[in-house]
Amino acid sequence: MKNTLGTNVKITLFGESHGEAIGAVLDGIAPGITVDSDFIANQLSLRRPVGQISTPRVETDKFEIISGVFEGKTTGTPVCIVIPNENTKSKDYGEISSKARPGHADFTAYEKYHGFEDYRGGGHFSGRITAGIVAAGAIAISALRQKGIFIGTHISRLAGIEDKAFSDIESEIFQLNNKEFAVIDNTKAEEMKQAILNAKSQGDSVGGVLETAVIGMPVGVGEPWFDSIESMLSHALFSIPAIKGVEFGAGFAIADMKGSEANDSFRMKNGLVTTLTNNNGGINGGISNGMPITFRCAVKPTPTISKAQQTIDYIKKEDTELTAKGRHDPCIVHRARVVVDSITAIVLCDILSQRFGTDWLVK
């Protein structure tokens, strides 16, 4: 089972949803980066469940950094972050241990690991594991901010309800990073939350789209072909549970444009190269062009729902029906946005380290 992502700056995930602990190892990060425990805790709080629109399972996420940090700075050696699991109800999964929950990895995990996998709460495939990404990502975000690179994500669409698109990206990023429910148009927040509650009352769930922008990336970062910025980010973003689509810039809409519309015309502005539009999402030939890097992620509806669903018992090899018990989210879009920010920061630290060397992050 491969659990490591990255070339120079790497993250390794460990743990299971109902195991003793989960966490991450961040390796290759430069020495001398400030590690702010309060900031890590705040980032984890953005991933934590929120009231009736989220799962009743609330973990405190009291993390412990057991290596790689000394006197508030990274040492250059692997940073290991451990987050104990405290609020588990494993008995909820006992009677469905051999029933494949539609949309989950129960059946595929059984086939791959021959029945030795920890099935409780989805085990190692649970969204709970993303807490390790967020904790490690907080260090990467801090490193990027020291270099003038900032990341922000908003809920572009939820249950068919649209938020405003990015316009004044720089100011909007800073506003979004301080919001529990990340929308640009605050009037849409309650409408989206009500849609989540409506789905929950019907024993169902909803999904949505997250839109991310990165500002401050140096020009000329990324590789052609297989290690393009799009390739590297997509690899990581698709690793987040429930992400089923990723598009950059205008994305699939660019297919309906003419070349005269899709091309981003270059101009000079205050001595800097810029483009009049950003249909290519700040990337040409897999390499950053200095414009904001923009992309969107499609987040599927939470697969665990209270409605009865047809399934199989993969031990008895027979058809059956499943009505999910336990605690689950009617929507995970609002919680996933900080995970997207975090994995994006880790990937960008890796890409920048490959271009300029690991110590560039602290020079």
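Checking every one of the GluC sites (Glu not before Pro) in the stretch 30-85 against DSSP loop status and a limit of 15 other Cβ atoms within 10 Å picks out Glu71. Which listed residue (Gly281, Gln52, Met217) has the Cα farthest towards the positive end of the charge dipole for the stretch 4-362, taking +1 on Lys and Arg C-beta and -1 on Asp and Glu C-beta about the Cα centre? Farthest towards the positive end: Gln52.
The length gained on full extension between Glu190 and Phe70, counted as 0.36 nm times the residue separation minus their Cα-Cα distance, comes to 38.9 nm. Between Gln194, Ala143, Ser156, the Cα set farthest toward the positive side of the dipole of the chain (charges on each charged residue's Cβ, about the Cα centre) is that of Gln194. Express in % the proportion of alpha carbon pairs of the chain at distances exceeding 31 Å. Considering the chain, 36 percent of its Cα-Cα pairs are separated by more than 31 Å.
Under the convention that each Lys and Arg Cβ holds +1 and each Asp and Glu Cβ holds -1, the size of the dipole of the chain around its Cα centre is about 160 debye. Measuring gaps between exposed loop sites in the chain (chymotrypsin sites (Phe, Trp or Tyr not before Pro); DSSP loop; at most 14 other Cβ atoms within 10 Å), the longest gap, sites not included, is 239-363. Pairs exceeding a 23 Å alpha-carbon distance, out of Lys147/Lys244; Lys62/Lys147; Lys62/Lys179; Lys62/Lys188: Lys147/Lys244; Lys62/Lys147; Lys62/Lys188. Evaluating 6.51 cos²θ - 1.76 cosθ + 1.60 at θ = phi - 60° for every residue in the stretch 244-253, the Karplus couplings come out as 10, x, 9, 9, 10, x, 6, x, 5, 5 Hz, glycine and proline recorded as x. Translational diffusion of the stretch 270-363, estimated by Stokes-Einstein from the Kirkwood radius over alpha carbon pairs at 4 °C in a medium of 1.567 mPa s, is 72 µm² per second. 3J(HN,Hα) along the stretch 160-171, derived from phi through the Karplus expression 6.51 cos²θ - 1.76 cosθ + 1.60 where θ = phi - 60°, amounts to x, 8, 9, 8, 5, 7, 4, 10, 8, 4, 4, 5 Hz, with x in place of Gly and Pro. Magnitude of the charge dipole for the stretch 175-312, about its Cα centre and with charges confined to Cβ atoms of Lys, Arg (+1) and Asp, Glu (-1), is about 240 debye.
The residue among Ile351, Asn8, Phe125 whose Cα reaches farthest toward the positive pole of the charge dipole of the chain, with charges on the beta-carbon of Lys, Arg, Asp and Glu, is Phe125. When the C-alpha to C-alpha distance is required to be over 28 Å, the pairs from Lys193/Lys307; Lys73/Lys164; Lys10/Lys99; Lys112/Lys325 that qualify are Lys73/Lys164; Lys10/Lys99. To the nearest ten degrees, helix 333-356 and the longest principal axis of the Cα atoms of the chain are 50 degrees apart.
Each pair of Cα atoms in the stretch 324-363 enters the Kirkwood radius, and Stokes-Einstein at 25 °C and 0.890 mPa s then converts it into a translational diffusion coefficient of 195 µm²/s. When the GluC sites (Glu not before Pro) in the stretch 161-242 are filtered for DSSP coil states and for at most 16 other beta-carbon atoms within 10 Å of their beta-carbon, the remaining sites are Glu180.
Computed from the coordinates by the stated procedures, all read-outs in this text should not be read as laboratory data. Computed from a predicted model, the values in this text were never measured in an experiment. Here the Cβ is made from the backbone with ideal geometry for all residues, glycine too, and neighbour counts use every protein chain on show.
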